[in-house]
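Report on the structure given below.
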Amino acid sequence: FGLLSVRELGLPVFTLVIGLLDGLNPCAMWLLLFLLSLLVNLRSRVKMLLIGGTFVAVSGIVYFAFMAAWLNVFLFIGFSRLVQVALGGIAGLVGAINVKEFFAFHKGISLSIPDAAKPGLYARVRRILQAENLPGALAGVIVLAVLVNMIELLCTAGFPALYTQILTLQQLPWWEYYAYLGLYNLAYMLDASLMLTVAGVTLGPHTHQENEGRWLTPT
């Protein structure tokens, strides 16, 4: 993508581009793809779209709250060159770790969902599928989405921290800050929404393999 400048792109376009890039999130996509690969066994597009759509929507709401917290931190501490340099350093470190994941998957430091947490997530997904009624399944997927977003905070902290710090430098009215966070999250959810739509249309099973995780992680 090259240099992404707020001044050249304008804040709305810059927000959409960064949100779309952030949406290529291997942690959330991994679980959504696993969820969809099991939902196809229900043989119901309506149930797949309802349960998958609830997961995406709740993930977006939790992410919005997470970004709002970052925004208020930066509004409180104000502009600081030290903070700016620290964020740049953290972003560089996170990027280096993700590139390392491509060549040495899950070896050494990793920001992906830890293996120890996966059995519990798998069990929750299966309980959702085994729910006797749709409201029970939707309640289960809401809890799952919240838990996943809490577990994957390290995996996703880079873009939100950098974006909200840039956003606070624009000195906007308070409501515009949150409007831009909403726009960012709409872009963030678009990638997952497209995946859900494709799965609903094709209704074909697919399992997320390790080599796909390696390609997703550097993004």
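Throughout, read-outs are computed from the coordinates displayed, never taken from laboratory work. Small disclaimer: the values here were computed from a predicted structure and weren't measured. As a convention, Cβ positions derive from the backbone with ideal geometry for all residues, glycine included, and neighbour counts pool all protein chains shown.
Taking trypsin sites (Lys or Arg not before Pro) across the range 1-74, the ones in a DSSP loop with at most 16 further Cβ atoms lying within 10 angstrom of their Cβ are 43.
Each residue of the range 183-192 was assigned a 3J(HN,Hα) from its phi angle through the Karplus curve 6.51 cos²θ - 1.76 cosθ + 1.60 (θ = phi - 60°); the sequence is 4, 4, 6, 5, 5, 4, 7, 4, 4, 5 Hz, with glycine and proline shown as x.
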